[in-house]
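The structure under discussion is supplied below as structure tokens; questions concerning it will follow.
The values are calculated or read from the model by the stated rules, or taken from the named source; none is laboratory data. The model shown is predicted, which means the values in this text are computed figures rather than measured ones. Cβ: placed from backbone, ideal geometry, glycine included. Neighbour counts: every protein chain shown.
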Amino acid sequence: MNVNVLDTALIQHELSILRDSSTGGIAFRKGLQHLGRYFAYEISKSFPRIKRPIATPLDTAVGLFIEGLGRIVIVNVLRAAIPLVEGLLSVFFEARVGIISAFRGEAPPFPVQIDYVRVPKIEPEDTLIVADPMVATGSTITGVLKVLERYGAPKRTILACILTTPVALDRLERAFPGLNVYTSGIDNSLNDQGYIVPGLGDAGDRAFLTL
Ligand code: URA
């Protein structure tokens, strides 16, 4: 499994705004959108590039193109991923989009419930990007990735999460050794409700002002 911790200044700046408990809901939602866009810039670096000549109005130039932008499936794990996916789509605007409603029960062992799945067929040439901002124990995302296997096998699978933990990464590594994780931070602790500590609180409640 590949883990990419995105420590660019812009990403860490946005993450710090999200972590701050004095950041209000609107700014929080905007911050998730911004991070989606910046994550897309980072993920775009992993696609193959080709050079080919192009005719400018005046002469010819060597153009550089990213291959595979038309073969992306983004899966939105409701609901906190909605703003993150908006940001990803501002860059990967040709992507097909799937939606999964998945959530964990309140208390350990946090049973995962998946009750709405609408995902396009996933083809062998596709890059699958699964967006879930907070991967705490890894149980929800493990359930989601297992469900997605029924829709086809992509060329590669990327998990885009704002924060995760060593516990979740261990679990994912065992279940999905080929997974590529893009995250802006790995926090060490989980509290007894399964929240990431120090984390940023409940991302869905903060983004949708349902606190
Ligand atoms: N989901 C959240 O929104 N926050 C956490 O810390 C963990 C899961």
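Could you give every pair whose Cβ atoms fall below 8 Å, whose first residue belongs to segment 124-142 and is without any contact (Cβ under 8 Å) to a residue 40 or more places away in the chain, and whose second residue is surrounded by fewer than 24 Cβ atoms within 10 Å (Cβ to Cβ) and among the acidic types (Asp, Glu), counting only separations of at least 6 or pairs across chains?
Between residues of segment 124-142 that are without any contact (Cβ under 8 Å) to a residue 40 or more places away in the chain and residues that are surrounded by fewer than 24 Cβ atoms within 10 Å (Cβ to Cβ) and among the acidic types (Asp, Glu), the close pairs are Gly138/Asp170.
Now for a different question. Pairs needed: first member in segment 192-211, farther than 16 Å from Lys30 by Cβ; second member anywhere, part of a loop (DSSP other than H, G, I, E, B) and within 6 Å of the ligand (Cβ to nearest atom); C-beta distance under 7 Å; at least 6 residues apart or different chains.
Pairs found: Gly194/Ala136; Tyr195/Ala136; Ile196/Ala136.
Sticking with this one: For residues that are buried (at least 21 other Cβ atoms within 10 Å of the Cβ) and away from the ligand (no atom under 16 Å from the Cβ), tally how many sit in segment 118-144.
So the count comes out to 5.
Of the residues that sit in segment 192-205 and are over 13 Å from Arg19 (Cα atoms) and more than 8 Å from the ligand (Cβ to nearest atom), which one is surrounded by the most Cβ atoms within 10 Å (Cβ to Cβ)?
Across segment 192-205, the extreme among qualifying residues is Gln193.
Out of the residues in segment 43-95 meeting the condition of being among the polar types (S, T, N, Q) and within 18 Å of Leu128 (Cα to Cα), tell me which one is nearest to the ligand (Cβ to nearest atom). It would help to see each step written out before you state the result.
Keep residues of segment 43-95 that are among the polar types (S, T, N, Q), which gives 44, 46, 56, 60, 76, 90.
Still in the list and also within 18 Å of Leu128 (Cα to Cα): 44, 46, 76, 90.
On the way: Ser44: 26, Ser46: 26, Asn76: 15, Ser90: 22 Å.
Restricting to residues being among the polar types (S, T, N, Q) and within 18 Å of Leu128 (Cα to Cα), the top hit is Asn76.
Please state which of the following conditions Val5 fails to meet, knowing it meets all the rest: (1) among the aliphatic types (A, V, I, L, M); (2) surrounded by 21 or more Cβ atoms within 10 Å (Cβ to Cβ); (3) more than 25 Å from Phe93 (Cβ to Cβ).
(2)
Among the candidates Gly87, Gly63, which residue alone is within 20 Å of Ile162 (Cβ to Cβ) and at pLDDT 95 or above?
On the way: Gly63 fails: within 20 Å of Ile162 (Cβ to Cβ).
None of the other options fit; the residue is Gly87.
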